[in-house]
1. Could you work out how much longer the chain between residue 123 and residue 137 gets when fully extended? Use 0.36 nm per residue separation minus the Cα distance between them, nm to one decimal.
2. Starting from the amide H of residue 145, placed 1.01 Å from N in the peptide plane, find each other amide H under 5 Å away whose residue is 5 or more places distant or on another chain.
3. Using a 1.4 angstrom probe on the protein heavy atoms only, could you order 108, 96 from most to least accessible area?
4. Under the 0.36 nm per residue contour assumption, what length would be gained going from the current alpha-carbon distance of residue 147 and residue 99 to full extension?
5. For residue 23 and residue 50, compute 0.36 nm times the residue count separating them, minus their Cα-Cα distance, and round to one decimal in nm.
6. Report the net charge of residues surrounding residue 141, where surrounding means a beta-carbon distance below 14 angstrom and charges are Lys +1, Arg +1, Asp -1, Glu -1.
7. Just to check I understand the Karplus step: with θ = phi - 60° and J = 6.51 cos²θ - 1.76 cosθ + 1.60, what whole-Hz values come out for the range 6-14, glycine and proline as x?
8. With 17 Å as the cut-off, how large is the P(r) tail for the range 24-82, expressed as percent of Cα-Cα pairs?
Amino acid sequence: MAKPASARLAWDIESYDVITPQKEKKRILHAQGDALHAGEMFLIVGPSGSGKTSLLRILAGRHAHGDWQGQLVADGAIADRHPRRATGYVDQHPLFFATLTPRETLTFTARLRLPNSTKKDVASKVTQVLNELNLGKCASTYIGDERLKGISGGEKKKVTGGRGNGLRPDLFTVR
C-alpha cells in the first residue's frame with residue numbers, strides 16, 4: 001500500500017467478486033492499490049466493463065453486492081467496510097423526490113450526514129451550499145420530474161453535487 005499513513009485514503013484491494021445470474025463467481029477487480037493525499041485529484045479511466053465504477057463504489061462504501069478482499073486506510077487508520085460518512089458519492093443517474101425543493105433536498109441530506117449539528121447549523125450550511133452553487137433563485141422550486149415541471153437539468157446536476165460534495169466529505173467520487 002502506497003504511503004497509507006500520510007494519505008487521506010489508501011487501498012490495497014486483492015479482489016472483488018460477484019455472483020452472476022447463472023450462479024457463477026465472476027472476478028470484477030484484480031489486485032490493485034493506491035493512495036490519495038489531501039488536495040490531489042485522481043482520475044480513473046478505462047473501457048466499459050473494466051471495473052471503474054466497482055472501484056469507486058468500494059472506496060465510497062457503496063458496494064451493494066459482491067465480496068471484496070483487501071484493506072482501506074483512511075487518515076492513517078484502517079477503515080471499516082463502509083466509510084460512508086467520510087465519502088461523498090454522486091451517481092450517474094441520481095434519484096430525487098420530485099416534490100422537494102433543492103433547499104429541502106440538501107437539508108434532508110445534511111441532517112443525515114451531520115447528525116450532531118443543530119437545525120440552525122444545518123440551515124446555515126444549506127444556504128452556504130446553495131449560494132456556492134448559484135442555486136439561490138431556484139432554492140424554493142420543485143426539483144420535478146417528467147410529470148412535474150421543476151428545475152433545469154443543469155440545476156439538478158448542481159443539487160446532486162451539493163448533496164455529495166457540498167457537505168464537505170473527505171473523499172468525493174463522481175460516476
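1. Numbers: separation 14, 0.36 × 14 = 5.04 nm, distance 1.66 nm.
Length gained, residue 123 through residue 137: 3.4 nm.
2. Correct list: 150.
3. Values: 108 110, 96 55 Å².
Ranked from most to least accessible, the order is 108, 96.
4. Numbers: separation 48, 0.36 × 48 = 17.28 nm, distance 1.07 nm.
Here the segment from residue 147 to residue 99 would lengthen by 16.2 nm.
5. Numbers: separation 27, 0.36 × 27 = 9.72 nm, distance 2.08 nm.
Computed gain between residue 23 and residue 50 is 7.6 nm.
6. On the way: positive: 103, 137, 149, 156, 158; negative: 104, 145, 155.
With Lys, Arg at +1 and Asp, Glu at -1, the net is +2.
7. 9, 7, 5, 8, 9, 9, 9, 9, 7
8. Details: 754 of 1711 pairs.
Percentage above 17 Å: 44.
The values are calculated or read from the model by the stated rules, or taken from the named source; none is laboratory data. Please read these numbers as outputs of a predicted model, since none were measured by experiment. Cβ atoms come from the backbone with ideal geometry, glycine included; neighbour counts cover every protein chain shown. Heads up: the accessible areas ignore ligands, DNA and RNA and are worked out on the full protein's heavy atoms, side chains in. Shrake-Rupley method; radii C 1.70, N 1.55, O 1.52, S 1.80 Å.
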